[in-house]
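Here is the structure we will look at.
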Amino acid sequence: MNVKLRIMGDDQLDRISVPIESATVVASGDLISYEGGYAVKLDAAAEDATFLGVSESQSKVGETDDLVVIRKCIAESVVASAAYTIGAALAYNASNGNLEASTANTIAWAYETSKGVSVTSLKVLIDVVHLSKLFPISA
């Protein structure tokens, strides 16, 4: 199970088109990594280095149209039950498909504070270029 994200408002600031293999099934809102020259669903926390963003389009078996991926957005996401503070680093947890607080493998940040209350849904900021992994930036 992958995290399904709901993009908030018009914050879809940065889209790219990426090739996808015909056997790959992707739903809108899936987290995407870039492996072997193709878009695939994120399925391991260590894929943070190849994290590409959130799928805006979908792909069914046999389809070969490029996948549209959003690299920068604010989204609402399922998260591990916990209290979150704005700016907390979030990583993908492959065992349950949720985002969770982590100091390693960051792919997003908490975009709101849960005010000390444990929540299972949270607004998150995704900014793949700012992550400086797949798309390195100079300081």
| query | Say we look at the stretch 45-68 and pick out the residues that are surrounded by 16 or more Cβ atoms within 10 Å (Cβ to Cβ) and hydrophobic (A, V, I, L, M, F, W, C); which of these is nearest to Val25 (Cα to Cα)? | reply | Leu67
| remark: For the stretch 47-62, pairs from a residue that is farther than 14 Å from Ser33 by Cβ to a residue that is of a type in the set (Lys, Arg), with Cβ under 7 Å and 6 or more apart or across chains, are Glu56/Arg15
| task | Could you please find all residues in the stretch 75-101 being of a type in the set (Ser, Thr, Tyr), modelled with pLDDT of 95 or more and closer than 20 Å to Ile32 by Cα? | result | Tyr92
| task | Mind telling me which of the residues Glu76, Glu35 ends up being acidic (Asp, Glu), out of contact with any Gly (no Cβ under 6 Å at 6 or more places or on another chain) and over 17 Å from Phe135 (Cβ atoms)? | result | Glu76
| note | Among strands (runs of 3 or more DSSP E) completely within the stretch 32-84, the ones holding 2 or more residues that are in the same structural domain as Gly116 (by TED's automatic domain parsing) and within 29 Å of Thr113 (Cβ to Cβ) are 67-82
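The values are calculated or read from the model by the stated rules, or taken from the named source; none is laboratory data. Quantities reported herein were computed from a predicted structural model and do not represent experimental measurements. Counting neighbours? That spans all protein chains shown, and the Cβs are built from the backbone with ideal geometry, glycine included.
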